[in-house]
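The structure appears right after this line, and notes come after that.
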Amino acid sequence: MSKRNKAVLAIIIFIAVLFVDQIIKVWVKTNMHLHESIHVFDWFYISFIENNGAAFGMEVFGKLFLSIFRIVAVIVVGYYIVQQIKSHARTGYIVCLSLVLAGAAGNIVDSLVYGQIFTMSTPFEIASTVDFGNGYAPMLMGKVVDMFYFPIIDTTWPTWMPMVGGEHFVFFSPVFNFADASISCGIVALLIFYRKELSKISLRKELKI
């Protein structure tokens with residue numbers, strides 16, 4: 001595939017993931033109460049939550065730090081993709097990087113503008129849109145919308161098991177969004193199929209190239 005076609009493919013993936021992610025989030029934000037859950041299957045729910053942290057709701061540092069870190073990361077990854085296209089990197093590698101970039105950008109949109117254009121979501125009131133700047137939080141402080149919940153195994157540990165016997169157990173309890181899924185799929189594919197390319201990044205760091 002030519003460099004031009006790879007660039008077009010990367011742009012299409014970026015726009016498509018970002019569009020789907022935001023359509024889902026806006027629908028959930030404007031149609032569901034906070035913590036409302038829609039039963040789709042026993043192993044799949046649409047469960048509306050919001051978080052201040054990174055992928056899958058993990059919170060490590062402050063919200064502002066995470067928002068700025070995401071923006072810097074997107075710029076760095078975007079620049080890296082451009083360089084890889086110029087250096088004739090494999091198409092699949094570009095695809096994986098584009099998925100990671102698009103997912104990160106999707107969550108940045110939440111942080112950047114959701115607090116500016118939406119009212120607060122609560123268990124008692126569905127959010128609505130407002131004029132820009134009149135929302136529930138300052139710029140970069142908007143909360144990330146999550147909704148996908150897959151309790152693939154929802155059971156209770158046998159009573160005879162030490163320490164955990166009789167306790168409730170859910171396999172895969174995080175609630176995540178489409179952007180998180182895009183990031184995860186991209187990273188997993190990179191680790192499985194493109195370790196050679198990733199090792200070159202580590203080698204360049206070690207050699208300070």
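The values are calculated or read from the model by the stated rules, or taken from the named source; none is laboratory data. Every value quoted in this text rests on a predicted model; they were computed, and no experiment measured them. In this analysis, Cβ positions are derived from the backbone assuming ideal geometry, glycine residues included, and neighbour counts consider all displayed protein chains. Note: areas computed on protein heavy atoms with side chains; ligands, DNA, RNA excluded. Shrake-Rupley method; radii C 1.70, N 1.55, O 1.52, S 1.80 Å.
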Inset, instruction - Please tell me the relative contact order of the chain in percent, rounded to the nearest whole number, where contacts are Cα pairs under 8 Å and at least six residues apart. - result: 27
Legend entry - Pairs beyond 30 Å (Cα-Cα), from 6/200; 29/200; 63/196; 6/143: 29/200; 63/196; 6/143
Legend entry - Shape parameters for segment 70-138, alpha-carbon atoms, Rg then Dmax in Å: 17.0, 53
Legend entry - Nearest-ten-degree value, helix 91-109 long axis tilted from longest Cα axis of the chain: 50
Inset, instruction - With r as the distance between the Cβ atoms of residue 163 and residue 113 and R0 = 45 Å, compute the FRET efficiency 1/(1 + (r/R0)^6) and round to 0.05. - result: 0.50
Inset, instruction - Roll a 1.4 angstrom probe over the protein heavy atoms and tell me the percent of accessible area of the chain that is carbon or sulfur. - result: 70
Legend entry - Derived scalar couplings ³J(HN,Hα) [segment 132-146; Karplus, 6.51 cos²θ - 1.76 cosθ + 1.60; whole Hz; x for Gly, Pro]: 4, x, 10, x, 8, 8, x, 4, 6, 10, x, 8, 7, 8, 10
Inset, instruction - State the extension gain, in nm to one decimal, for the chain segment bounded by residue 137 and residue 68, taking 0.36 nm per residue of separation less the distance between their alpha-carbons. - result: 23.3 nm
Legend entry - R0 of 30 Å, Cβ-Cβ distance residue 185-residue 124: FRET efficiency to nearest 0.05: 0.25
Legend entry - Approximate shape of segment 89-180 as ellipsoid semi-axes (Cα gyration tensor, √5λ), whole Å, largest first: 35, 25, 9
Inset, instruction - On a 0 to 90° scale, report how tilted helix 63-86 is relative to the longest principal axis of the chain, with both axes built from alpha carbons and the result rounded to the nearest 10. - result: 30
Inset, instruction - Just check the chain against the gyration tensor rule for me: Cα atoms, a ≥ b ≥ c as the square roots of the eigenvalues, rounded for a/c under 1.5, and otherwise prolate or oblate depending on whether a/b exceeds b/c. - result: oblate
Inset, instruction - Pop a pseudo-label 7 angstrom from the Cα along the beta-carbon direction at both residue 79 and residue 156 and give the gap in nm to one decimal. - result: 5.6
Legend entry - Relative contact order (%) - criterion: Cα under 8 Å, at least six apart; region: segment 107-179: 27
Legend entry - Ranked packing of 88-96, 112-120, most packed first, by mean Cβ within 10 Å: 112-120, 88-96
